[in-house]
Amino acid sequence: MAQDCIKKVELLDYEELGMEAIWKIEVENFPAFIIIDDKGNDFYADIRKPISIGKRP
């Protein structure tokens, strides 16, 4: 499935590291779940916060 969604692959730096080099991969229609976004928001930190349940009247 992933191979059908990859539109462009570009090696940015550290070519000598092989697959651990820095790559820029352009994808389209690729199902993904973002855990940490570009602003540093952490999905799991948000859902682990305790919630308080109010008392019923």
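The values are calculated or read from the model by the stated rules, or taken from the named source; none is laboratory data. Being a predicted model, the structure only gives us computed values, none of them experimental. Counting neighbours? That spans all protein chains shown, and the Cβs are built from the backbone with ideal geometry, glycine included.
Among the residues of region 1-40, the one identified as in contact with a helix residue (DSSP H, G or I) (Cβ under 9 Å, 6 or more places away or on another chain) and among the small types (Gly, Ala, Ser) is 21.
The set of residues from region 21-57 being within 20 Å of residue 1 (Cβ to Cβ) and either in a helix (DSSP H, G or I) or modelled with pLDDT under 85 (or both) comprises 32, 33, 34. Residue count for region 8-47, restricted to those that are loosely packed, with under 11 Cβ neighbours inside 10 Å, among the hydroxyl-bearing types (Ser, Thr, Tyr) and touching an Asp or Glu at 6+ places or on another chain (Cβ under 8 Å): 0.
Residue 18 meets the stated requirement of being modelled with pLDDT of 85 or more and assigned to a helix (DSSP H, G or I).
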